[in-house]
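Read-outs throughout are calculated quantities, based only on the coordinates presented, and are distinct from any laboratory measurement. What you see is a predicted model, and the numbers here were worked out from it, not measured in a lab. Ideal geometry is used to build each Cβ from the backbone, glycine not excepted, and the neighbour counts take in all protein chains shown.
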Amino acid sequence: MIKKFIHQFASPKTYLFQVNKFYNYIFFISVFIYISSITWGLLFTPEDFVQGNSFRIIYLHVPASFISQSLYAAMAVSSIVYLVWRVKLAAYLVIAIAPIGAMTTFIALISGSIWGIPTWGTWWQWDARITSTLILFIMYLGLISFHNSFSNYEKADKLLSWLVIVGAVNIPIIKKSVDWWSTLHQSASITLTNKPSIDPSMLYPLIGSIIGFFGLILCLVLLSSKNQILIREKTKSWIKDYV
Amino acid sequence: MNPIRKKRIYSILFVLLFSVSGISLILYSLNSNLDYFFTPTELKKQNIPSDKRIKLGGMVLKGSVEREASEISFVVTDYENSLRVIYDGIVPDLFKEESGVVVLGFYRDDMIYAEEVLAKHDENYMPPNLDIKNDS
C-alpha cells in the first residue's frame, strides 16, 4: 500500500497534479499563520528587558535561519533518494530547492546584520556562526552554478547530488558553532533538550512565525519544482496536454 | 533491498564518513583559532605581542565603569581573572555592568587599549517586568 503510494507520488505527473490540488490551501493557510504571528509579535508582545524593541526582528531572522538549514537537509535527503533509488523527482527537487535555500540564507544574513547594529554595535564580525552561515550561502550559489555548467542534465543531477551530500557536513557545524567556539552570536534559545530561554509571550508568536514562514517557503519549493518538471519533461506527451 | 542499491548506500556512507572525518580533522587542528575572543584567563596564559590586535570577551564587572570626558574604562572579567579596558569612543546601547562585552584592541602592561567595543547579549528574552521576579 505505502509502496504503491510512494511509487505513484514519485511520478512527476502525479506529483504535479497533487501540487496543483493542494497548493492554494497551503498558501492561504501559511499566509494567514505568518501574518497573524508577526502581527502578534510586532504589536502585542512586550519588549525585551535588554534589547527593547530591536529584538522583534527575531520573527524574521529565526524562521529564515532555521529554514535555510532545513532546506539544505531536505536537499541532502533528496540527493540520497536520487542516488540510491534513481527517483527523477528527487533530482528535480534538489535543484529546485537550491535557489530558495540561497534566498532564505540571504534573508538570514541580512536580517542578522540589521539586528547586530543596535545590539552588538556591528553589522559584521567573523565569528563562527556568521561565517559558517556565509559559507552555506556561498555553497548554495556554488551548487546552482555547478548544475548550470552542464549541458547533460543526468550527469549534472548525479554530480550535484554527490556534492550536496559532501556539503551537508556544514549543517551540524552551523548548528553547534555557538557551543563549540566562543562567538559573538548568542547560543540557541530553543533547544530540544532544555526549556526555552525565551518568555512564552514571545515564544508563541515565534513558533507561529516559524511555521508560517515554513509554509510560505514550501509553496515556493512546490512552484519551483513544478518549473523543473515542466522544463525537464517537456518532451513528454502529457506535458503537451497539460500546457 | 537489491544489491545495487545496497552498494549505492554504502558508497554514500563512505563519502559521508570521509567528508565528516576530513572536516573534523581541519576543525580540530584549527580549534582555538576559530574562537572569536579570548577570555581574560586565556589571555593571561598566552604570550601576546603588544602590537597584535586581539579580542577579549567577558562580563563587565559591576561597579567598575568609570567615565572621563569621552574616555571610558571598565573591567572585563570571567569571574576568575579580570583585565582593565580603556576605550575612547561610543559604546553600544546594550553595554552595561554585568553584561557581556567583546573588546578589540591591544594588550599592553596588563591592560587592554581598545579600538572597538561590542556588546554581547545572551539567549534569554523576557519582558522587563519579569526581570525582577527571575532575579530573586
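Before moving on, here are some points about what is shown:
- Helix A:200-232 axis, angle to chain A major axis (alpha carbon atoms, nearest 10°): 20 degrees
- Each of A:Tyr242, B:Tyr125 was scored by other Cβ atoms within 10 Å of its Cβ. Arranged with the fewest first, they read A:Tyr242, B:Tyr125.
- Among the residues of B:10-21, the average count of other protein chain beta-carbon atoms within 10 Å of the residue beta-carbon is 3.
- Placing a label point 7 Å from the Cα of B:Leu27 along the Cα-to-Cβ direction, the residues of segment A:108-145 whose backbone N falls under 17 Å from that point are A:127-137, A:139.
- Pairs spanning more than 28 Å between alpha-carbon atoms, out of A:Lys4/A:Lys234; A:Lys3/A:Lys236; A:Lys158/A:Lys234; A:Lys21/A:Lys176; A:Lys158/B:Lys6: A:Lys21/A:Lys176.
- Set of segment A:53-73 residues, backbone N closer than 16 Å to the point 7 Å along the Cα-Cβ line of B:Lys96: A:53-55
- Contact order, relative form, for chain B: 19 percent (alpha carbon pairs under 8 Å, 6 or more residues apart, mean separation divided by residue count).
- Annotation for A:Ile190 and A:Ser145: the two label points, set 7 Å from Cα along the Cα-Cβ direction, are 3.4 nm apart.
- Extending 7 Å from the Cα toward the beta-carbon at both A:Val243 and A:Ile211 defines two label points whose distance is 3.9 nm.
- Annotation: amide H of B:Phe38 within the under-5 Å range of B:Lys55, B:Leu56, B:Gly57, sequence separation 5 or more or interchain, hydrogens built in the peptide plane.
- Farthest toward the positive end of the dipole of segment B:35-120, out of B:Gly105, B:Ser82, B:Leu43, is the Cα of B:Leu43, where the dipole comes from beta carbon charges about the Cα centre.
- What the Cβ-Cβ distance of B:Ile9 and A:Lys236 gives, at R0 = 30 Å and to the nearest 0.05, is a FRET efficiency of 0.50.
- Compared with the dominant Cα axis of chain A, that is its longest principal axis, helix A:12-43 is turned about 10°.
- Across chain A, the relative contact order, built from alpha-carbon pairs under 8 Å that are at least six residues apart, equals 33 percent.
- The antiparallel fraction among DSSP beta bridges confined to chain B stands at about 85%.
- For segment A:1-152: rounded, prolate or oblate by the Cα gyration tensor [a/c cutoff 1.5]: oblate
- Residue mean of other protein chain beta carbons inside 10 Å, B:87-99: 2
- Distance in nm between pseudo-label sites at A:Ile114 and A:Asn24 (7 Å out along the Cβ direction from Cα): 3.2 nm
- 0 to 90° range, to nearest 10: angle between helix B:3-30 axis and chain B longest Cα axis: 30 degrees
- Dipole in debye (nearest 20) - chain A, about Cα centre, beta carbon charges: Lys, Arg +1; Asp, Glu -1: 1120 debye
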